[in-house]
Each structure stands twice: as structure tokens, then as C-alpha cells.
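The values are calculated or read from the model by the stated rules, or taken from the named source; none is laboratory data. A quick note: this is a predicted structure, and the numbers were derived from the prediction, not measured. A quick note on method: Cβ atoms are made from the backbone with ideal geometry, for glycine too, and the neighbour counts reach across all protein chains shown. Heavy atoms of the whole protein, side chains included, go into the accessibility calculation; ligands, DNA and RNA do not. Shrake-Rupley method; radii C 1.70, N 1.55, O 1.52, S 1.80 Å.
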Amino acid sequence: MSPTRTDAAFDKYEVAGDYHHREYAANTIYAAHARRVRSWITERRILDVGCGDGLIALLLQQKGCDVEGLDSNQVAVEYARMHDVRARVGSVYRLPRGRWPAVYLGDVLEHLDRPKKAIRQIARVTDTLYIATPLRGAQPPDDYHAQEFLPGELREFMDRLGWQQLSSEYVNFRILAKFARRPRWWDWLWR
């Protein structure tokens with residue numbers, strides 16, 4: 001068994017290039033997932049954390065959304081930019097300052113070594129979070145995944161971090177769940 005390669009050693013873009021765009025063009029099951037995400041997100045301004053090669057951000061842009069992509073992988077960001085996506089190198093653990101109506105965390109949570117820290121960072125920049133993550137056990141094990149969730153486990157994980165689940169569905173081997181950050185008593189000080 002090979003060692004797990006999670007967020008610190010994610011080399012898929014160096015190996016496979018802008019593979020999401022190729023899968024979309026070939027109309028694979030990933031293309032169906034991407035189309036579902038495009039219709040699922042309703043906010044017009046979105047931070048796509050872990051944007052990868054930029055396919056989802058591009059589809060949201062084509063829908064009329066103002067999207068900024070962020071990814072820790074320089075090669076992925078270069079691919080996103082090649083596809084006319086506004087993207088920059090950055091970390092889910094140190095998000096840029098500012099507020100966003102929504103954050104999309106698509107196919108990222110399963111790769112993170114410190115998912116709690118990431119979700120706490122996201123809470124600094126938004127009150128609405130869309131998560132797409134593989135359903136545990138739905139596909140063969142992936143060396144790039146640190147952990148996967150069942151729907152109830154994801155809801156409980158997010159609940160413990162102060163997020164309320166607004167919706168959840170299982171589509172194309174993934175959990176699609178929308179969360180709202182529960183207000184804290186001191187939030188009124190910053191508004």
C-alpha cells in the first residue's frame with residue numbers, strides 16, 4: 001500500500017494536467033457532477049477554495065457569477081488561469097481577508113490533514129458553505145484522501161464546528177451539502 005498523499009503532497013495536476021476539463025469535455029460522470037454543482041450554487045459571488053484546474057469556477061462564471069479561485073497548488077492555478085478563471089495560490093488554512101456571500105469547498109475536505117482548522121478559517125470569511133465530498137465507501141480507496149464521510153458524519157462534524165446543515169444530497173458518488181454558520185453571541189459586535 002502506498003503512503004497517503006494528502007494536502008501537503010497533492011501532485012495530481014503535475015501528473016494529470018487539467019483533467020477536470022478533459023472529463024467535462026468527454027461527458028464523464030464528473031461532468032454530470034460539475035453540471036449539478038453549477039445549478040446547485042445560488043449565490044452570485046463565490047470563493048472557490050481548492051479550485052484546482054478551475055472547471056467549477058469556470059462553469060459558475062459562465063452562469064454569471066463573480067468567482068475567485070484559490071488553490072495551494074501552483075500548477076493547478078496556472079491551469080485555472082489558462083481557462084480564464086481568476087485564481088491565485090493560497091491556503092485553506094490562511095484565507096485572504098474579506099467576506100464572501102458563499103464559499104465552495106469542492107472535492108477538498110477529504111484531502112485535508114487538518115479539516116477542523118480549514119472549516120474555522122472558512123467561518124472567518126462566510127456564513128454559507130457548499131461542500132462536495134466523496135461518499136465514504138462509494139468508490140475504491142484513494143491514496144490522496146485523508147478521510148471520507150458518510151452523510152450523517154459530515155453533518156455531525158460540521159455541527160460541532162458551529163454550522164447548521166441546510167440541505168444534503170447524494171449524487172454521482174458524492175455528498176453535496178449546504179451549511180449556514182450558526183451566529184455566535186459576539187457576532188453582532190462586528191456587523
Practice item. Inspect region 26-46 for any residue being of a type outside the set (K, R) and within 20 Å of L112 (Cα to Cα) and give the result as yes or no. Key: no
Exercise for review: For V77, state whether it is open to solvent by less than 10 Å² (accessible area, probe 1.4 Å) and either within 17 Å of H20 (Cα to Cα) or at pLDDT 95 or above (or both).
Suggested key: yes
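Residues checked against (1) more than 14 Å from the chain's Cα centre (by Cα); (2) more than 15 Å from V92 (Cβ to Cβ); (3) not aromatic (F, W, Y):
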site	(1), (2), (3)
T133	no, no, yes
G137	yes, yes, yes
E148	no, yes, yes
G162	yes, yes, yes
I175	no, yes, yes
Exercise for review: Look at D113 and say whether it is within 21 Å of L59 (Cβ to Cβ) and in a loop (DSSP other than H, G, I, E, B).
Suggested key: no
Point to revise | Search result, residues across region 89-102 that are under 16 Å from D48 (Cβ atoms), open to solvent by 20 Å² or more (accessible area, probe 1.4 Å) and assigned to a strand (DSSP E or B) | key: V89, S91
Review point. Restricting the search to region 103-154, which residues are exposed (fewer than 14 other Cβ atoms within 10 Å of the Cβ), over 21 Å from L70 (Cβ atoms) and free of Cβ contacts under 8 Å to residues at least 40 places away in the same chain?
Key: G137, A138, Q139, P140, P141, D142, G152, E153
